[in-house]
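Reading through the structure tokens given below for one structure.
Coordinate-derived values only; no laboratory data. Fair warning: this is a prediction, and the values are worked out from it, not measured in the lab. For neighbour counting, all protein chains shown are included, and Cβ atoms are generated from backbone atoms with ideal geometry for every residue, glycine included.
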Amino acid sequence: MDNQSPPPYAALTPDCVLDALDSVGLPCDGRLLALNSYENRVYQVYREDAPPLVAKFYRPGRWSDEAIREEHAFVAVLAEREIPVVPALRCGDGDSLHEFGGYRFAVYPRCPGRAPELEDPESLRWIGRFIGRIHAVGAIAPFAARPRLDVATFGEEPRDYLLANGFIPPDLADAYGAVIAMALAGARQAFARAGGVATLRLHGDCHAGNVLWDAEGPHFVDFDDSRMGPAVQDLWMLLSGERAAMQIQLGHVLAGYEDFHEFDDRELHLLEALRTLRLIHYSAWLARRWNDPAFPAAFPWFNTQRYWQDRILELKEQVALMDEPPLVPA
């Protein structure tokens with residue numbers, strides 16, 4: 001594990017943030033509010049006689065410039081089609097991606113909202129309709145610079161990182177290695193059962209925290225994890241509870257979704273496989289960020305003996321769930 005490199009945001013001081021905004025012609029009045037983000041650093045910035053803005057400073061080394069611009073272009077097209085998303089502003093030299101003090105950043109209009117009421121059937125159908133519209137655009141052309149979500153990128157590579165960098169306690173290494181092997185085998189089998197399902201440009205991280213509700217309904221934020229993958233990736237994180245409850249929720253989401261984009265029912269074989277891959281990827285995400293002081297402070301339970309014991313039990317449960325028949329909408 002590499003904890004020797006300097007913290008990635010050590011030089012991102014409040015003065016640096018303000019000077020960066022000033023460099024693109026958006027002077028601020030000195031007030032900053034750090035928003036809840038760990039992968040990147042995101043600030044609400046205040047201006048005199050103008051609405052607040054949101055400035056997002058990208059984690060160094062994560063995405064190439066081409067990948068960031070590809071995300072910006074995708075979201076801009078969605079906005080042009082009146083889909084409720086929040087595109088990066090073109091400012092300064094007219095670009096959406098800027099650089100200052102060694103950090104790349106983008107600026108967005110502030111679009112606040114509350115969490116969606118996912119227990120409300122109409123809210124689920126409404127969200128489903130907009131995801132269907134996003135996917136109808138996402139299916140037009142593929143990403144060129146952004147990765148694909150599959151067993152290799154979200155399962156095998158994260159597993160290899162965890163095992164190679166000494167995160168698993170020695171007394172749990174055999175048990176973890178065995179259960180993650182079973183989990184990845186189950187995920188591969190699920191993809192095989194689904195067959196050759198299509199992939200498209202996704203939101204990629206479409207959980208309730210990235211869907212904000214205002215007086216006009218839902219809008220979608222934070223396409224930072226946008227990538228190529230199966231459509232169900234943007235649907236399954238909206239489901240929760242017991243199996244019967246998730247089937248009802250899925251029925252409402254798909255009722256709205258299929259107003260705008262056809263859903264391939266074979267993708268339902270992937271639901272628990274994608275959940276499994278997300279769990280594996282999440283552990284490796286925490287491990288890769290452990291030299292960022294924000295992470296030990298925010299996730300003190302990570303990399304403890306109890307944490308890895310819980311992950312072993314969690315993956316065993318996922319192995320069993322992947323062997324069950326897929327969810328069907330009710």
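Note on the chain: dipole from Cβ charges, positive end direction compared against Met182, Gln247, Leu200; the farthest Cα belongs to Met182. Taking every full run of DSSP H in the chain, the ones that stretch at least 30 Å from end to end by Cα along their long axis and average 0.0 or higher on the Kyte-Doolittle scale are 173-194. Taking the Cβ of Pro325 as the center, what net charge do the other residues with Cβ under 12 Å away carry, scoring Lys and Arg +1 and Asp and Glu -1? Local charge sum for Pro325: -1. Taking the centroid of alpha carbons for each part, the range 1-79 and the range 106-135 are 23 Å apart. Running a GNM on the chain with Cα contacts under 10 Å, which residue among Leu21, Leu235, Leu163 ends up with the highest mean-square fluctuation? Taking springs between Cα atoms under 10 Å, the residue moving most is Leu163. Multiplying the residue separation of Ala245 and Ala11 by 0.36 nm and removing their Cα-Cα distance gives an extension gain of 79.5 nm. Where only DSSP H runs of four or more residues are counted, the chain gives -13000 deg cm²/dmol as its mean residue ellipticity at 222 nm, each run worth -39500 (n - 2.57). Give me the Debye-computed log₁₀ of I(q)/I(0) at q = 0.13, 0.16 Å⁻¹ for the range 232-330, equal point scatterers on Cα only, no solvent, two decimals. Result of the Debye calculation: -0.59, -0.79. Each label point was placed 7 Å from the Cα along the Cα-to-Cβ direction; for Phe299 and Arg31 their separation is 3.3 nm. Here the label points at Ala115 and Ser64, each 7 Å from Cα along the C-beta direction, are separated by 3.8 nm in the simple model. Assuming charge only on the beta carbon of Lys and Arg (+1) and of Asp and Glu (-1), the dipole of the chain about its Cα centre is about 400 debye to the nearest 20.
In this Cβ point-charge picture (+1 for Lys and Arg, -1 for Asp and Glu), the range 23-108 has a dipole of about 300 debye about its Cα centre.
Just tell me the longest site-free run in the chain, where the sites are GluC sites (Glu not before Pro) in a DSSP loop having at most 10 other beta-carbon atoms within 10 Å. Here the longest segment lacking exposed loop sites spans 83-215. Each of Ile140, Ile280, Ile134, Ile68 was scored by other Cβ atoms within 10 Å of its Cβ. Listed from fewest to most, they are Ile140, Ile68, Ile280, Ile134.
Comparing Arg266, Arg275, Arg31 in a Gaussian network model of the chain where C-alpha atoms under 10 Å apart are linked, the largest mean-square fluctuation is found at Arg31. Comparing Trp301, Trp290, Trp236 in a Gaussian network model of the chain, where Cα atoms under 10 Å apart are tied by springs, the biggest mean-square fluctuation is seen for Trp301. Here, P(r) means the percent of Cα pairs in each 5 Å bin from 0 to the largest distance; for the range 147-218 it is 3, 12, 16, 17, 15, 13, 12, 7, 4, 2, 0. Note on the range 276-330 and the range 181-252: Cα centroid distance 17 Å, given to the nearest whole angstrom. Summing charges over neighbours of Ala88, with a neighbour being any other residue whose Cβ is under 10 Å away from its Cβ, gives +1 when K and R count +1 and D and E count -1.
How big is the Cα convex hull of the chain in projection, averaged over all directions, in nm²?
Computing the convex hull of the Cα atoms and averaging its projections yields 17.1 nm².
Based on every Cα atom in the range 1-142, Rg and the maximum pairwise Cα distance Dmax equal 17.1, 50 Å.
Computed from the C-beta positions of Gln189 and Glu258, the FRET efficiency with R₀ = 25 Å rounds to 0.40.
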